[in-house]
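Student: Before anything else, here's the structure in question.
Here, each number is a calculation from the coordinates, and none is a lab measurement. A quick note: this is a predicted structure, and the numbers were derived from the prediction, not measured. Note that we place each Cβ from the backbone using ideal geometry, even for glycine, and neighbour counts take in every protein chain shown.
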Amino acid sequence: MPAKIPATVVTGFLGSGKTTMIRHLLDHANGRRIALVINEFGETGVDGDLLQGCCAPGDIIELSNGCICCTVADDFLPTMEKLLARPEPFDHIVIETSGLALPQPLVRAFAWPGIATRVTVDGVVTVVDGKAVAEGRFAEDEEAIQAQRAADASLDHDSPLAELFEDQLACADMIVLNKTDLLDAAEAEAVAARLSAEARPGARILRAHKGALPLDVLLGINAAAESDMATRSAPHHDAEDDDHDHDEFESFALDLPEVADIPALTARLRAAIATHDILRLKGFVAVAGKPLRLTVQAAGPRIETYFDRPWGTAPRVSRLVVIGEAGLDRAAIEAAIRG
Ligand SMILES: Nc1nc2c(ncn2[C@@H]2O[C@H](COP(=O)(O)OP(=O)(O)OP(=O)(O)O)[C@@H](O)[C@H]2O)c(=O)[nH]1
């Protein structure tokens, strides 16, 4: 029987640096043929666009019908079948889950008949925004939990952000403590200690800047993760409990006219993010007089803008995707960003 194709599942919260790490990996693939499956939260795909040119065009598949962990049977398995049916086999498959996905249901799908004999999960790599952890963005608000429990004795769950974070860590073979450039030595130590307390035994924790880790470190872990799922659940979950919906989070796209003043746009974005607790914002903006499109990225409070490539024949449409916990005040956010 031919050897199974190894697949790496890359997970990690919104904006932690998954796409950046994968871009680095693909740029250093040294001729290895890697297929990429990308899943994003929200209907506008930004990651696939950012990764264009890294693989042969047909080797990137975007799944945009909702979060991969909820659409495994309808979307993910047929996609794998198609990849496996290609006449030229891939050396490796990399799957970037959405920042809101639970990795467990996806990894479990690799045990399904039809897939199990042909692919194996080489490893689950969880990317962590070290600065966000240091700032306590995934920490429990103990007072709020106690107040909720006091009000409803049957209630036994943590904040959606904290639960997701724990689930993503509990599944990992390797945890990438990313964004070390934003941490001092003591913060980095404290974050690493927190991660190792929540990681499964034996999971490696690697520090990284912009996810720049060698391919041979990220790939080739040989974990066969689909075969030991019982060890990959966070304490708040039963081993087989994939119960998960995304009602706790929402996203919308916002179209803008051409922008003349980038610092003014950034200031409006900063104010909107702070006021409305936006978790993630990303997209492309047309700037007056500029042939290149402006990529705009915000992970929590930090905003990055850079010109990446000419619009070419694509319409100069400025579009930003906004993601936050459910209940975003869309009208107010739109007004704040438009100015
Ligand atoms: N300062 C700093 N920024 C980083 C680092 N790695 C990634 N970023 C930035 O963080 C932002 C989000 O990075 P992405 O790679 O798009 O994150 P992601 O996890 O793919 O995001 P989603 O797919 O939306 O969940 C971008 O602005 C990156 O340039 C890092 O090591 N340091």
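Student: Quick one: compute the contact order of segment 249-338, relative version, from alpha carbon pairs under 8 angstrom and 6+ residues apart, as a percent. Kindly include the intermediate steps, with their values, before the conclusion.
Tutor: Values: 174 pairs, mean separation 36.6, N = 90.
This gives 41 percent for segment 249-338.
Student: Could you please rank E189, E40, placing first whichever residue has the fewest other Cβ atoms within 10 Å of its Cβ?
Tutor: Values: E189 11, E40 27.
In increasing order of surrounding Cβ atoms, one gets E189, E40.
Student: Taking only DSSP H segments of four or more residues, each worth -39500 (n - 2.57), what value at 222 nm results for the chain once the sum is divided by all its residues, to the nearest 500 deg cm²/dmol?
Tutor: -8000 deg cm²/dmol
Student: Additional query: Stretch A56-V217 to full length: gain in nm at 0.36 nm per residue minus the Cα-Cα span? Walk me through the numbers on the way to the answer.
Tutor: Working: separation 161, 0.36 × 161 = 57.96 nm, distance 2.31 nm.
Contour length minus Cα-Cα distance gives 55.7 nm.
Student: With only alpha-carbon pairs counted, each pair once and no self-pairs, how large is the Kirkwood hydrodynamic radius of segment 158-199 in angstroms?
Tutor: About 11.1 Å for segment 158-199.
Student: Let me ask something else. So for the chain, averaging the separation of alpha carbon pairs under 8 Å that are six or more residues apart and normalising by length, what relative contact order in percent results?
Tutor: 19
Student: Can you compute the FRET efficiency between A139 and R207 using 1/(1 + (r/R0)^6), with r the Cβ-Cβ distance and R0 = 25 Å? Round to the nearest 0.05. Walk me through the numbers on the way to the answer.
Tutor: On the way: r = 20 Å, r/R0 = 0.81.
For A139 and R207, the calculated efficiency is 0.80.
Student: About its Cα centre, how strong a charge dipole does the chain have in debye, to the nearest 20, once Lys and Arg get +1 and Asp and Glu get -1 at the Cβ?
Tutor: It works out to roughly 1680 debye.
Student: Taking the Cβ of each residue in T8, T71 as the centre, tally the other Cβ atoms inside 10 Å and list the residues starting with the fewest.
Tutor: T71, T8
Student: For a footprinting-style exposure proxy, rank E62, E88, E304 by other Cβ within 10 Å, fewest first.
Tutor: Numbers: E62 17, E88 5, E304 11.
Sorted ascending by nearby Cβ count, the order is E88, E304, E62.
Student: Sort the chain into rounded, prolate or oblate with this rule: let a ≥ b ≥ c be the square roots of the eigenvalues of the Cα gyration tensor; rounded if a/c is under 1.5, and if a/c is not under 1.5, prolate when a/b is larger than b/c, oblate otherwise.
Tutor: oblate
Student: Using only the Cα atoms, work out Rg/Rh for segment 183-339, with Rh taken as the Kirkwood radius, to two decimals.
Tutor: Across segment 183-339, the Cα-based Rg/Rh ratio is 1.06.
Student: Once you order the gyration tensor axes a ≥ b ≥ c over the Cα atoms, which shape class does segment 245-310 get: rounded for a/c under 1.5, otherwise prolate or oblate by comparing a/b with b/c? Mind dumping the intermediate values first?
Tutor: Numbers: a/c = 2.23, a/b = 1.74, b/c = 1.29.
Verdict is prolate for segment 245-310.
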